[in-house]
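Quick notes on the structure that follows.
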Number of protein chains: 2
Amino acid sequence: MGQYAAPIRDMQFVLHEVLNVEAELKRMPKHAALDADTINQVLEEAGKFCAEVVFPLNQSGDREGCTYEGDGVVRTPAGFKEAYRQYVEAGWPMLGCDPEFGGQGLPAFVNNALYEMLNSANQAWTMYPGLSHGVYECLHAHGTPKQKSVYLPKLIEGTWTGTMCLSEPHCGTDLGILCTKAEPNSDGSYALTGTKIFISSGEHDMAENIVHLVLARLPGAPMGIKGISLFIVPKFVPSSDGSVGERNGIKCGSIEHKMGIHGNATCVMNLDGAKGWLVGEENKGLNAMFVMMNAARLGVGMQGLSLTEVAYQNSLTYAKERLQMRSLTGPKAPDKPADPIIVHPDVRRMLLTQKAYAEAGRAFAYWAALNIDKELSHEDDAVRREAADFVALLTPVIKAFLTDNAFEGTNMAMQIYGGHGFISEWGMEQYVRDARINMIYEGTNSIQALDLLGRKIFGDMGAKLKRFGKLVTDFVEEEGIKPEMQEFINPLADIGEKVQKLTMEIGMKAMQNPDEVGAAAVPYLRTVGHLVFSYFWARMAHVALDNASSGDDFYKAKLATARFYFAKLLPETASAIRAARAGAKPMMDYDEALF
Amino acid sequence: MGQYAAPIRDMQFVLHEVLNVEAELKRMPKHAALDADTINQVLEEAGKFCAEVVFPLNQSGDREGCTYEGDGVVRTPAGFKEAYRQYVEAGWPMLGCDPEFGGQGLPAFVNNALYEMLNSANQAWTMYPGLSHGVYECLHAHGTPKQKSVYLPKLIEGTWTGTMCLSEPHCGTDLGILCTKAEPNSDGSYALTGTKIFISSGEHDMAENIVHLVLARLPGAPMGIKGISLFIVPKFVPSSDGSVGERNGIKCGSIEHKMGIHGNATCVMNLDGAKGWLVGEENKGLNAMFVMMNAARLGVGMQGLSLTEVAYQNSLTYAKERLQMRSLTGPKAPDKPADPIIVHPDVRRMLLTQKAYAEAGRAFAYWAALNIDKELSHEDDAVRREAADFVALLTPVIKAFLTDNAFEGTNMAMQIYGGHGFISEWGMEQYVRDARINMIYEGTNSIQALDLLGRKIFGDMGAKLKRFGKLVTDFVEEEGIKPEMQEFINPLADIGEKVQKLTMEIGMKAMQNPDEVGAAAVPYLRTVGHLVFSYFWARMAHVALDNASSGDDFYKAKLATARFYFAKLLPETASAIRAARAGAKPMMDYDEALF
């Protein structure tokens, strides 16, 4: 049951009409030869693969879940292994990887588009290749030449997958208190001992080896996060010929029973003197891991976008088919026993909320991915630095804003189904359950908000935020003189000014009391998220207006969705700003004994 | 895992200190002899029963779920039957029932308090006795003397349970298109044939008989809701001696696999010439059923309150125990590896949101139940009429506002647990899954919003709303002169004026275009909900101020929570009012082809 078709036209609209990626690529020597046709072909092929191979396993994978077979063995749901074999055979893991190690070298934004579709089709399944790609990125950035030559080709082929092993029973957010130990062996390797929990894709039957990246402490390492080192701990130790050798002492002890993403094995991993190799410098493991965590945070934001999109597609079909009640303005389908529920304003509110969130989320996430490409490959150093700032600033916003929106969106999709939404068979409640984890893992959304406000904004006295603000004000100045753009430009300019003022105000208060940052952070992030969405809706409206004469319904829909966004969704900021301004007092004047 | 203790002190605070129920009861001849001590004894006994007998089955019931054994037989989770036996033995089903038929005749608000605790302990289990009570109320109001004498004593004892059979595969919200048929038999009974779906507690192994109230059409009945009649269709036809006789032709065909409330059997019920007896008048079945639906809507609102309370209790304990990170203002537990997470402002925001919602929700729901008692039993006719207006006006607000808040609250509780929140073992994700149905059944929350704005408010040109408005303005005038009350009275007066203005404005627009009602209804209901919560928080703050000199932490906490409510939660109305004012255009100017 259910449906998914890759939203190719919408993806192309963002890439080619809003972001003009072809022109941008011309200034990235590595990608200068890549043209729009090739990108479009990749999108179409990927869309087909996701809809035909990955999507049909989504509901069955949820129902069956993973099975712990005992003695460290985990079986994935029926079909998962075979789909992964096809995925590897078709070369999809290579897409965004370095040609030096066997990759296809396509830009990050193309890989992101692939992941949007994969996650729409099946988030639980996609987390197996998704985490591998994160490990690839971390080793590519921090591995020794030898580590790269051993591991990267296998990860790029997809014959080996990867994980990140961070959390322990007593620590998740607070990695500073982790206590897995790494003792040096005489051969330059280390013996790791400890317990890791919540390890997504930690054990499974889909690949011949699993490459774990594990955080641990060396003997005598400083307390806190400055005493954490990063290690490669493979399930099977690679032999010199590239084949898998002896079984290593890292083993899955059990898997978790969870609210959602049942098809992904969330493992307790026990390390018992497991052989590991240091990645990067001693005690600087967290820096190396941050490469992977940032990529993962963007990836989780994409998961939010993906679920919003697929839930929207399903609830739209249902709203057009389900007959129930008459329109308050008189029958719209008089030949039928009742009108399709899409005639009711509140059903449309729920549909358009999902649609507006999905489309702005896509523009935002693809733009962020394009900035990753610029950061890595642009010929102009100033552009590279600016892009890096955008990515750093907005990674927590993509993660938290898109996943909060996805929870709201999938819940609306479920609500449109009425009672049927609560029934597993219809598939909508799964999207809500799957979407829920995205607000928690890779740093809870509260932590993202603290990262945005405390580190990314106050950490450089607002310099990065000013850079983004300039993008907005440049656009406002350029387009604000056109009468037909004013309905979009005016609220954009307004929210831009409000964010600026709010930031200053919290900054002043935070100098007196650091708790002001924690108190304001969550509603502040919602406000910044809306600034970003207002910016992209104004840009999309601009493109749509330029094409208004074409008579194409696609552009009419874009304009109408932009209007819906400004009228019905942006007003959330009125409350969010008030809540952010309310300060720390209402929470912190509350003695703990009074709770 | 997990915990639940009945919040007796908070319940007593609302009943005795805020609502002064003892004084109110003096003016209800039926209840005049009931004193506070007796009420308190009932609360304490009920609290014990819920915590000791019902709560321990909550998580195991979710895990095991109900089992369809084939041939119409359903097995409830281990322990459910035995707990129900104890419930019946202790006489709890009798609590709020008419002494004429064996009940204990306690007021509705006491029964509501019982149900708050039962639902906190185990919503899925509580739906078995809960629906029975609804059937009792419907038959008590509309049954013939003979029907009452046959069915009421059994329902009151609890040896028989009950259900409401409304939905069919093609209709839920839109009962006008239902098509189950009732053909007259020669003996005055009817033969019912059709399929009913989503029948909570429709079949189980806990009682000797199940009394189904079924909506169906008589031959030649008018189309739409004016052609629907109500029938009693017992699982076993009662013999003249009160024992159960022949098996009737109503049978469970299957049970649904659902997101939550796994311990309650949601049944497809097939009627194949089942014997039924008409309740009330022909073609006026919906009127009779509305008695039950209104009681059920209040009951669902209570379920929201219940889940908010129990989730709060658990997340509070976790927040005090879980050590993670240091306070931004410096270590608070320097002897420990990290501070308990309750030191972080955003964790407190999530705790206090739950607390503020639970406590205002309790005051609101108990006040509504007290008004049901007044409506039924007050000596003064004018008071009875006023109470009936309050109940009619605010039933949809209790249902929708409390269940929306509960979904937000349980999600916050789960978020406080971080990754552990997503793991079933910890029990928090079950509260989210259970809470989700409350926004859907007994009329989706969109339907509640339409009922409030379209029927309850515009249906009498705002007369009922004005009555409630007068309560508010009287309180504002009385208390507004006290300086210490101004921080509560000013925002209350402000939101009161805003609701009045918003209502007028939508009313004017709706005269031009009925879709304006549907477009504004959901954010309008949120706004009215906050008006009600502001009123009760101001009243609770008033009581707390009166007791400030006692030095009791309980009153300090009430004041601090009231302040939190006004600073951090009431601001939601700033957005809600804007969204309500945005009107129908953003949705309805959107051609269906553009979606």
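List the strands (runs of 3 or more DSSP E) inside the range B:154-216, counting only whole elements, that have at least 1 residues being of a type outside the set (Lys, Arg) and free of Cβ contacts under 8 Å to residues at least 40 places away in the same chain. Steps first, answer last, please.
Numbers: elements: B:160-165, B:181-184, B:190-200, B:209-216.
Once the strands (runs of 3 or more DSSP E) in the range B:154-216 are filtered for at least 1 residues that are of a type outside the set (Lys, Arg) and free of Cβ contacts under 8 Å to residues at least 40 places away in the same chain, what remains is B:181-184.
Looking for something closer than 30 Å to A:Arg63 by Cα and touching a Lys or Arg at 6+ places or on another chain (Cβ under 8 Å) - is there at least one such residue anywhere in the range B:270-290? Break it down into steps so the answer makes sense when it comes.
Taking the range B:270-290 first, the residues closer than 30 Å to A:Arg63 by Cα are B:270.
Then keep just the ones that are touching a Lys or Arg at 6+ places or on another chain (Cβ under 8 Å); that gives B:270.
Scanning the range B:270-290 turns up at least one residue that is closer than 30 Å to A:Arg63 by Cα and touching a Lys or Arg at 6+ places or on another chain (Cβ under 8 Å).
If a residue has to be farther than 22 Å from A:His204 by Cβ and surrounded by 14 or more Cβ atoms within 10 Å (Cβ to Cβ) to count, how many in the range A:225-236 make the cut?
If we filter the range A:225-236 for residues that are farther than 22 Å from A:His204 by Cβ, which is where we start, we get A:225-230.
Filter once more, keeping what is surrounded by 14 or more Cβ atoms within 10 Å (Cβ to Cβ): A:225, A:227-230.
Matching residues across the range A:225-236 total 5.
Of the residues B:Leu323, B:Leu316, B:Leu328, B:Leu352, which is at negative phi and in contact (Cβ under 8 Å) with a residue 40 or more places away in the chain?
B:Leu352
Taking the range A:433-476, which residues are within 14 Å of chain B (Cβ to nearest Cβ) and either of a type in the set (Val, Ile, Thr) or outside any helix (DSSP H, G or I) (or both)?
Selection gives A:Ile437, A:Met439, A:Ile440, A:Tyr441, A:Glu442, A:Gly443, A:Thr444, A:Ile447.
Tell me whether the range A:326-349 contains one or more residues that are buried (at least 23 other Cβ atoms within 10 Å of the Cβ), touching a helix residue (DSSP H, G or I) at 6+ places or on another chain (Cβ under 9 Å) and more than 14 Å from chain B (Cβ to nearest Cβ).
Scanning the range A:326-349 turns up no residue that is buried (at least 23 other Cβ atoms within 10 Å of the Cβ), touching a helix residue (DSSP H, G or I) at 6+ places or on another chain (Cβ under 9 Å) and more than 14 Å from chain B (Cβ to nearest Cβ).
Which one of the conditions (1) out of contact with any strand residue (DSSP E or B) (no Cβ under 7 Å at 6 or more places or on another chain); (2) at negative phi; (3) crowded, with 23+ Cβ neighbours inside 10 Å does A:Pro145 fail to meet, given that it meets all the rest?
(3)
B:Gln123 versus (1) modelled with pLDDT of 95 or more; (2) away from chain A (no Cβ under 14 Å); (3) surrounded by 22 or more Cβ atoms within 10 Å (Cβ to Cβ): which is the lone unmet condition?
Just one mismatch for B:Gln123, condition (2).
Can you give me the number of residues within the range A:19-39 that are assigned to a helix (DSSP H, G or I) and crowded, with 19+ Cβ neighbours inside 10 Å? Please lay out each step first, then the result.
Applying the first criterion (assigned to a helix (DSSP H, G or I)) to the range A:19-39 yields A:21-25, A:29-31, A:36-39.
Subset that is crowded, with 19+ Cβ neighbours inside 10 Å: A:21, A:24-25, A:31, A:39.
Qualifying residue count, the range A:19-39: 5.
Give the residues of the range A:359-376 that are more than 20 Å from A:Lys556 (Cβ to Cβ) and buried (at least 21 other Cβ atoms within 10 Å of the Cβ), sorted by residue number.
A:Gly361, A:Phe364, A:Ala365, A:Tyr366, A:Trp367, A:Ala368, A:Ala369, A:Leu370, A:Asn371, A:Ile372, A:Asp373, A:Lys374
Do we have A:Val42 as farther than 23 Å from A:Tyr431 by Cα, touching a residue at least 60 places away in the same chain (Cβ under 8 Å) and surrounded by fewer than 17 Cβ atoms within 10 Å (Cβ to Cβ) here? Give the steps one after another, and end with the answer.
On the way: farther than 23 Å from A:Tyr431 by Cα: yes; touching a residue at least 60 places away in the same chain (Cβ under 8 Å): yes; surrounded by fewer than 17 Cβ atoms within 10 Å (Cβ to Cβ): no.
It is false that A:Val42 is farther than 23 Å from A:Tyr431 by Cα, touching a residue at least 60 places away in the same chain (Cβ under 8 Å) and surrounded by fewer than 17 Cβ atoms within 10 Å (Cβ to Cβ).
What residue, among those in the range A:74-103 that are closer than 14 Å to A:Met127 by Cα and out of contact with any Gly (no Cβ under 8 Å at 6 or more places or on another chain), is surrounded by the most Cβ atoms within 10 Å (Cβ to Cβ)?
In this case the residue turns out to be A:Ala83.
How many residues, within the range A:378-389, are in a helix (DSSP H, G or I) and surrounded by fewer than 21 Cβ atoms within 10 Å (Cβ to Cβ)? Steps first, answer last, please.
Filtering the range A:378-389 for residues in a helix (DSSP H, G or I) gives A:381-389.
Now restrict to residues that are surrounded by fewer than 21 Cβ atoms within 10 Å (Cβ to Cβ): A:381-386, A:388-389.
Count: 8.
From A:Glu183, A:Glu116, A:Glu137, A:Glu157, which residue is closer than 20 Å to A:Ile398 by Cβ and surrounded by fewer than 22 Cβ atoms within 10 Å (Cβ to Cβ)?
Values: A:Glu183 fails: closer than 20 Å to A:Ile398 by Cβ; A:Glu116 fails: surrounded by fewer than 22 Cβ atoms within 10 Å (Cβ to Cβ); A:Glu157 fails: closer than 20 Å to A:Ile398 by Cβ.
Just one listed residue meets the conditions, A:Glu137.
Among (1) in a helix (DSSP H, G or I); (2) farther than 30 Å from B:Asp241 by Cβ, where does B:Ala78 come up short?
Result: B:Ala78 fails condition (1) only.
For residues that are of a type in the set (Phe, Trp, Tyr), in a helix (DSSP H, G or I) and over 20 Å from A:Met439 (Cβ atoms), scanning just the range A:393-427, find the one that is farthest from the other protein chains (Cβ to nearest Cβ).
Within the range A:393-427, the first condition is being of a type in the set (Phe, Trp, Tyr), and the residues that meet it are A:401, A:407, A:417, A:422, A:426.
Still in the list and also in a helix (DSSP H, G or I): A:401, A:407, A:422, A:426.
Retained after the next criterion (residues that are over 20 Å from A:Met439 (Cβ atoms)): A:422, A:426.
Working: A:Phe422: 5, A:Trp426: 10 Å.
The selected residue is A:Trp426.
Table: residues versus (1) within 24 Å of B:Phe80 (Cβ to Cβ); (2) of a type in the set (Gly, Ala, Ser).
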{"residue": "B:Glu256", "(1), (2)": "yes, no"}
{"residue": "B:Ala274", "(1), (2)": "no, yes"}
{"residue": "B:Gly280", "(1), (2)": "no, yes"}
{"residue": "B:Leu286", "(1), (2)": "no, no"}
{"residue": "B:Phe290", "(1), (2)": "no, no"}
{"residue": "B:Met302", "(1), (2)": "yes, no"}
{"residue": "B:Leu305", "(1), (2)": "yes, no"}
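Within the range B:261-284, which residues are buried (at least 23 other Cβ atoms within 10 Å of the Cβ), within 13 Å of chain A (Cβ to nearest Cβ) and not in a strand (DSSP E or B)?
Within the range B:261-284, B:Ile261, B:Asn264 qualify.
Can you tell me which residue among B:Leu139, B:Leu57 is in a helix (DSSP H, G or I) and closer than 30 Å to B:Glu281 by Cβ?
B:Leu139
On the basis of being more than 28 Å from the chain's Cα centre (by Cα), within 30 Å of A:Leu15 (Cβ to Cβ) and charged (D, E, K, R), does A:Asp589 make the cut? Before the answer, list the steps.
Working: more than 28 Å from the chain's Cα centre (by Cα): yes; within 30 Å of A:Leu15 (Cβ to Cβ): no; charged (D, E, K, R): yes.
Considered against the rule, which asks whether it is more than 28 Å from the chain's Cα centre (by Cα), within 30 Å of A:Leu15 (Cβ to Cβ) and charged (D, E, K, R), A:Asp589 comes out as no.
Taking helices (runs of 4 or more DSSP H) that do not extend beyond the range A:485-595, which have at least 2 residues that are buried (at least 21 other Cβ atoms within 10 Å of the Cβ) and away from chain B (no Cβ under 12 Å)?
Those helices (runs of 4 or more DSSP H) span A:486-512, A:515-546.
State yes or no: is A:Met289 within 30 Å of B:Pro514 (Cβ to Cβ) and either crowded, with 21+ Cβ neighbours inside 10 Å or in contact (Cβ under 8 Å) with a residue 24 or more places away in the chain (or both)? So that I can check it myself, show each step before the final result.
On the way: within 30 Å of B:Pro514 (Cβ to Cβ): no; either crowded, with 21+ Cβ neighbours inside 10 Å or in contact (Cβ under 8 Å) with a residue 24 or more places away in the chain (or both): yes.
No, not satisfied.
Does the range B:517-557 hold any residues that are over 20 Å from the mean Cα position of the chain (by Cα), over 18 Å from B:Gly361 (Cα atoms) and β-branched (Val, Ile, Thr), and which are they?
The answer is B:Val517, and nothing else.
Take A:Glu442 and tell me if it is buried (at least 24 other Cβ atoms within 10 Å of the Cβ) and without any contact (Cβ under 8 Å) to a residue 24 or more places away in the chain. Explain how you work it out, then say what you get.
Details: buried (at least 24 other Cβ atoms within 10 Å of the Cβ): yes; without any contact (Cβ under 8 Å) to a residue 24 or more places away in the chain: no.
Criteria not met by A:Glu442.
Scan (1) of a type outside the set (Gly, Ala, Ser); (2) closer than 15 Å to B:Cys252 by Cα; (3) buried (at least 18 other Cβ atoms within 10 Å of the Cβ) for the single condition B:Asp205 breaks and write down its number.
(3)
From (1) within 14 Å of chain A (Cβ to nearest Cβ); (2) surrounded by fewer than 24 Cβ atoms within 10 Å (Cβ to Cβ); (3) not hydroxyl-bearing (Ser, Thr, Tyr), pick out the condition that doesn't hold for B:Ala356.
Unmet for B:Ala356, out of (1) within 14 Å of chain A (Cβ to nearest Cβ); (2) surrounded by fewer than 24 Cβ atoms within 10 Å (Cβ to Cβ); (3) not hydroxyl-bearing (Ser, Thr, Tyr): (2).
For B:Gly79, indicate whether it is in contact with a Pro (Cβ under 9 Å, 6 or more places away or on another chain), closer than 25 Å to B:Ala368 by Cα and not aromatic (Phe, Trp, Tyr).
Values: in contact with a Pro (Cβ under 9 Å, 6 or more places away or on another chain): yes; closer than 25 Å to B:Ala368 by Cα: no; not aromatic (Phe, Trp, Tyr): yes.
Here the answer is no, as B:Gly79 does not meet what is asked.
The values are calculated or read from the model by the stated rules, or taken from the named source; none is laboratory data. From a predicted model like this one, the values you see are computed outputs, not experimental measurements. Cβ coordinates were reconstructed from backbone atoms using ideal geometry, including for glycine residues, and neighbour counts include every protein chain displayed.
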